[in-house]
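Chemist: Questions regarding the structure given below will be posed in turn.
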Amino acid sequence: MNWTAIAAIYRFEMARFFRTLMQSFLSPVLSTSLYFVVFGAAIGSRIDQVEGVAYGAFIVPGLIMLSVMTQAISNASFGIYFPKFIGTIYELLSAPVNFLEIVLGYVGAAATKALFIGVVILVTASLFVDLTIAHPFAMMLFLVLTCVSFALLGFIIGVWAKNFEQLQLVPLLIVTPLVFLGGSFYSISMLPTIWQKITLFNPVVYLISGFRWSFFGTSDVPVGFSLLAIGGFTLLCLGAIWWIFKTGWRIRA
């Protein structure tokens, strides 16, 4: 394993993040505050509790998941797309590094950035509501796995995209709606029976449910299913990336 190459890619990607650290810090703080004003105050004044949890606290795991997923995808997709755009991807492909080392560098940096955003949102949310984390280890496990798996998805999107508009296509039109419809701001038990069954086909439900369980000890689906879902998604993304480098799809063309 060429750790020097991994570290070089990782440091390069993190340097871009630190150049806009204030923007990266302020954006989640402001967006989280707005969510609490809109959802916590407006809707929370009409919904006292959900499954025994104050509504303001109940939406925190959903807020974190929404930001972490979109940030992981955006950072990873831009990180690999930009070398394709300017042509430096060929220098990387001709260097003595394999696909796993390239992925570890780019995905590791994107996951680190998303993890930072998740922690910032968690700290910001604690200023608005009283938060207790019932299972801290499980919370970090779900958070890290989500950052890594969606960074892998972002890497695939960056390879697939042919222009900057396509980089935003999947996060805006697919991931964000799935998060909103995946129980981020409500419990699926509040839905009619038929919609509860339909919602279970949304993979994001399992991620948010497991992450919420780590906070409050309650979940819409069994925690084991949540771990299986995120583990299976991670393996699927790794398999797709292996195939991309094996065939050179949209990398060597």
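The values are calculated or read from the model by the stated rules, or taken from the named source; none is laboratory data. Quick caveat: nothing in here was measured; it's all calculated off a predicted structure. Positions of Cβ are generated from backbone atoms using ideal geometry, with glycine treated the same way; all protein chains shown enter the neighbour counts.
Chemist: Restricting segment 108-136 to residues that are assigned to a helix (DSSP H, G or I) and touching a Gly at 6+ places or on another chain (Cβ under 8 Å), which is surrounded by the most Cβ atoms within 10 Å (Cβ to Cβ)?
Modeler: 110
Chemist: Pick from 36, 18, 78, 85: which is under 17 Å from the mean Cα position of the chain (by Cα) and either of a type in the set (S, T, N, Q) or assigned to a helix (DSSP H, G or I) (or both)?
Modeler: Within the list 36, 18, 78, 85, the selection yields 78.
Chemist: Quickly run through segment 112-148 and pick out the residues that are closer than 25 Å to residue 26 by Cα and either free of Cβ contacts under 8 Å to residues at least 40 places away in the same chain or among the small types (Gly, Ala, Ser) (or both).
Modeler: 114, 118, 119, 123, 125, 126, 127, 140, 144 - these are the residues of segment 112-148 that are closer than 25 Å to residue 26 by Cα and either free of Cβ contacts under 8 Å to residues at least 40 places away in the same chain or among the small types (Gly, Ala, Ser) (or both).
Chemist: How many of the residues making up segment 75-91 are crowded, with 22+ Cβ neighbours inside 10 Å and either hydroxyl-bearing (Ser, Thr, Tyr) or closer than 13 Å to residue 185 by Cα (or both)?
Modeler: Residues flagged as crowded, with 22+ Cβ neighbours inside 10 Å and either hydroxyl-bearing (Ser, Thr, Tyr) or closer than 13 Å to residue 185 by Cα (or both) within segment 75-91 amount to 2.
Chemist: A further question follows. Where in segment 156-253 are there helices (runs of 4 or more DSSP H), lying wholly inside it, with at least 1 residues that are within 21 Å of residue 108 (Cα to Cα), in contact (Cβ under 8 Å) with a residue 24 or more places away in the chain and touching a helix residue (DSSP H, G or I) at 6+ places or on another chain (Cβ under 7 Å)?
Modeler: Ranges flagged: 164-170, 203-216, 223-247.
Chemist: Taking the conditions exactly as written (in a loop (DSSP other than H, G, I, E, B) and under 16 Å from residue 119 (Cα atoms)), does residue 146 satisfy them or not?
Modeler: For residue 146, the condition - in a loop (DSSP other than H, G, I, E, B) and under 16 Å from residue 119 (Cα atoms) - is not met.
Chemist: Quick one: in segment 164-213, which of the residues that are of a type in the set (Val, Ile, Thr) and under 19 Å from the mean Cα position of the chain (by Cα) is surrounded by the most Cβ atoms within 10 Å (Cβ to Cβ)?
Modeler: Going through the qualifying residues, I end up with 208.
Chemist: How many of the residues in segment 87-122 are more than 27 Å from residue 35 (Cβ to Cβ) and modelled with pLDDT under 90?
Modeler: The total comes to 13.
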